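Q: Handing you this structure, nothing more for now.
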Amino acid sequence: MDGLGYWRTYWRIVVPTSRPVFAAVDTIVFIGSWNSFLWPLVIGQNREAWTVQVALPTFTTAQTVNLHELFVAAAVSVLPLLLVFLTLQRFIVAGVERTGIDD
């Protein structure tokens, strides 16, 4: 690593060792964005623009409660989160290990 400039040192040393931290932060930000409710509710003017979290309460009204449809929709809405978590799980664990927190 002798003779590397600041940017080459950053890209060859800092970024590769920080990948678990980046993956953990990316996963947390993705889950937070996926579960956001208020902003999509304010912005979504028509039904085609609704996110899953905004559309889920439409299965329950004052007159009827369609529990079977609500549970299926909730189970389907969890699948992308589960896929992202399972894909990045090893990086998340490595990111937590690097924090140095002891029990």
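Q: For V42, are the conditions met, namely being surrounded by 11 or more Cβ atoms within 10 Å (Cβ to Cβ), of a type in the set (A, V, I, L, M) and in a helix (DSSP H, G or I)?
A: no
Q: Yes or no: S36 without any contact (Cβ under 8 Å) to a residue 60 or more places away in the chain, outside any helix (DSSP H, G or I) and within 15 Å of the chain's Cα centre (by Cα)?
A: Numbers: without any contact (Cβ under 8 Å) to a residue 60 or more places away in the chain: yes; outside any helix (DSSP H, G or I): yes; within 15 Å of the chain's Cα centre (by Cα): yes.
Against the criterion (without any contact (Cβ under 8 Å) to a residue 60 or more places away in the chain, outside any helix (DSSP H, G or I) and within 15 Å of the chain's Cα centre (by Cα)), S36 qualifies.
Q: Would you please list the contacts, defined by Cβ atoms under 6 Å and residues six or more apart or on different chains, that run from a residue in the range 51-63 that is within 15 Å of L38 (Cα to Cα) to a residue that is among the aliphatic types (A, V, I, L, M)?
A: V54/L41; L56/A73
Q: I would also like to ask the following. Condition first: surrounded by fewer than 13 Cβ atoms within 10 Å (Cβ to Cβ) and outside any helix (DSSP H, G or I). Now tell me which residues in the range 61-92 satisfy that.
A: Hits for the range 61-92 are T61, A62, Q63, T64, V65.
Q: Could you list all residues from the range 27-78 that are farther than 30 Å from Q89 by Cβ and touching a strand residue (DSSP E or B) at 6+ places or on another chain (Cβ under 8 Å)?
A: F59, N66
Q: Taking interchain pairs and intrachain pairs at least six residues apart, which have beta carbon atoms under 9 angstrom, with the first residue in the range 1-30 and touching a residue at least 12 places away in the same chain (Cβ under 8 Å) and the second of a type in the set (G, A, S) and surrounded by fewer than 12 Cβ atoms within 10 Å (Cβ to Cβ)?
A: none
Q: Could you tell me which residue of the range 10-19 is farthest from F91 (Cα to Cα), considering only residues that are at pLDDT below 85 and either surrounded by 12 or more Cβ atoms within 10 Å (Cβ to Cβ) or not β-branched (V, I, T) (or both)?
A: It comes out as I13.
Q: Across the range 1-60, what is the total count of residues that are under 27 Å from A75 (Cβ atoms) and either of a type in the set (S, T, Y) or in contact with a Pro (Cβ under 6 Å, 6 or more places away or on another chain) (or both)?
A: Final tally of qualifying residues: 7.
Q: A follow-up question, please. How about the range 57-98: which of its residues are at pLDDT 85 or above, aliphatic (A, V, I, L, M) and more than 30 Å from F22 (Cβ to Cβ)?
A: Within the range 57-98, L67, L70, V72, A73 meet the criteria.
The values are calculated or read from the model by the stated rules, or taken from the named source; none is laboratory data. Computed from a predicted model, the values in this text were never measured in an experiment. Heads up, the Cβs are rebuilt from the backbone with ideal geometry, glycines too, and the neighbour counts pull from every protein chain shown.
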